[in-house]
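Engineer: Below are the structure tokens for one structure; questions will follow.
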């Protein structure tokens, strides 16, 4: 019996088979083929799915997507907060907008109604040293500029603006209560000191162009950018 050596058309392994045999099996990969007409088997056209993808729980995939979406939303909210707290860095077409410009934008959106009166209100002098009353008034001015008098670059009447105005008002009220506790007086007396400071112009600097509830906090003639040009309308 004569023996011939053949190579597997799939893996290339060598095999010795009788010359009269038509079909043989590869000892390496197990492929059965006709030694007279070897045909290379076609690769499987089905895409292989990794074990990780096959084993992934659909609920885990949903949770991962929700986590990524929540992270993106948090980044957007943080960006919006930075813009609100630092209006001088807001840009248009790559150009920085100064703070004075933002206050004038807010002023142009509302009418002449104001929250603060144009004339000083009558006040009752609190029984504290004048230097202490002035210090309380200075602290009040610092808090007011960053809360109830802070211009907001948000549409008038929009829910986000309303939420921001409420939050700033609560912060302002909380600080007034802290002033009262610190000096052993009540909040009404803090308000009397504020009215006294307004009447005596302990802080003569221009006031803010900010609005709250669609109404100016101060009259135009008391606000930034208007005292230097009284004929401006």
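Engineer: Read through the list (1) part of a helix (DSSP H, G or I); (2) modelled with pLDDT of 55 or more; (3) crowded, with 17+ Cβ neighbours inside 10 Å, then give the number of the only condition that residue 103 fails.
Structural biologist: Answer for residue 103: the failing condition is (2).
Every residue, every condition in (1) surrounded by 12 or more Cβ atoms within 10 Å (Cβ to Cβ); (2) in contact with a strand residue (DSSP E or B) (Cβ under 6 Å, 6 or more places away or on another chain); (3) farther than 28 Å from residue 131 by Cα, yes or no:
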position: 160; (1), (2), (3): yes, no, yes
position: 165; (1), (2), (3): yes, yes, yes
position: 170; (1), (2), (3): no, no, no
position: 175; (1), (2), (3): yes, no, no
position: 180; (1), (2), (3): yes, no, no
position: 184; (1), (2), (3): no, no, no
position: 192; (1), (2), (3): yes, no, no
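Conditions tested, residue by residue: (1) over 24 Å from residue 224 (Cβ atoms); (2) at pLDDT 95 or above; (3) not assigned by TED's automatic domain parsing to the domain that holds residue 209.
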residue: 126; (1), (2), (3): yes, yes, no
residue: 132; (1), (2), (3): yes, yes, no
residue: 137; (1), (2), (3): no, yes, no
residue: 140; (1), (2), (3): no, yes, no
residue: 144; (1), (2), (3): no, yes, no
residue: 154; (1), (2), (3): no, no, no
residue: 170; (1), (2), (3): yes, yes, no
residue: 187; (1), (2), (3): yes, yes, no
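The values are calculated or read from the model by the stated rules, or taken from the named source; none is laboratory data. Since the model is a prediction, treat every value here as computed from it, not as a measurement. Reconstructed Cβ throughout: ideal geometry from the backbone, glycine too, with neighbour counts over all protein chains shown.
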